[in-house]
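Engineer: Have a look at this one.
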Amino acid sequence: MSRPDPSESRDPWLARWLPLLREAGRQGPVLEIGCGEGEDSVELLGAGLELIAFDLSADSIAAAARRAPGGKFHCRDVRQPFPLDGVRPGAVVASLSLQDETVEIAERIRQCLPPGGKLLCRLNAADDHHYGASGHPEIAQDYYLVDGAPKRFFNERAVRELFAGGWRILSLEHHVSGKYALPKALWEAVLERSS
């Protein structure tokens, strides 16, 4: 299977949310969870935002730091304390990186934000059959062991339940991304910490 041309597979999902992130950025830096090789990091820094980012892969962090100089990049697991060094972020961005222990991690994100702080996240959709929502050992409902790693998938009700306490949903939309080799179904959620 051939990989798509990078110019065709670019995923500009953040573009329409940059004004919201700039506003939130007045309260503190943006924390990017699961930054990968820094595609979104480049866009965040290009928008003039201060960025703290982390990923589990040391190779990805090295690539992100080369690709997006000016950000503060850390290698760590999302289950570890966020690398904030006493700073409170104004916003958190998490694109397809909240796949395991999502309830606990969503609550930790809420606690690290000030009231009015924003969370932009994309979550695997329950109809994302090309990337694990079927054909893998089921751990629990909409939760599968995909290539040895636990991966959670969401329908609209599950997304709303995940963010029912202490959040205000500003936007919630189902999308299909063309960034990957096959269409990827996902939920895009924009939230504000309410309490």
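The values are calculated or read from the model by the stated rules, or taken from the named source; none is laboratory data. Predicted model, so just to flag it, every value in this text is computed and none were measured. All Cβ positions, glycine included, derive from the backbone under ideal geometry; neighbour counts span all protein chains shown. Note: accessible area is taken over every heavy atom of the protein model, side chains too, but ligands, DNA and RNA are not part of it. Shrake-Rupley method; radii C 1.70, N 1.55, O 1.52, S 1.80 Å.
Engineer: Name every residue in segment 148-195 that is within 25 Å of Arg88 (Cβ to Cβ), part of a loop (DSSP other than H, G, I, E, B) and open to solvent by 20 Å² or more (accessible area, probe 1.4 Å), in order of residue number.
Structural biologist: Ala164, Gly165, Ser194, Ser195 - these are the residues of segment 148-195 that are within 25 Å of Arg88 (Cβ to Cβ), part of a loop (DSSP other than H, G, I, E, B) and open to solvent by 20 Å² or more (accessible area, probe 1.4 Å).
Engineer: Is it true that Leu44 is open to solvent by less than 20 Å² (accessible area, probe 1.4 Å) and within 17 Å of Ser95 (Cα to Cα)?
Structural biologist: yes
Engineer: Within segment 136-171, count every residue that is in contact with a helix residue (DSSP H, G or I) (Cβ under 6 Å, 6 or more places away or on another chain) and of a type in the set (A, V, I, L, M, F, W, C).
Structural biologist: Number satisfying all stated conditions: 1.
Engineer: Follow-up question, since we're still on this one. Just checking, does segment 70-85 include any residue being in contact (Cβ under 8 Å) with a residue 12 or more places away in the chain, farther than 18 Å from Ala189 by Cβ, surrounded by 13 or more Cβ atoms within 10 Å (Cβ to Cβ) and of a type in the set (D, E, K, R)?
Structural biologist: yes
Engineer: Also: For segment 23-41, which residues satisfy the criterion of being open to solvent by 70 Å² or more (accessible area, probe 1.4 Å) and either under 17 Å from the mean Cα position of the chain (by Cα) or at pLDDT below 85 (or both)?
Structural biologist: Glu37
Engineer: Which of the residues spanning segment 48-65 are in contact (Cβ under 8 Å) with a residue 12 or more places away in the chain and either aromatic (Phe, Trp, Tyr) or open to solvent by 60 Å² or more (accessible area, probe 1.4 Å) (or both)?
Structural biologist: Gly48, Glu50, Phe54, Leu56, Ala58
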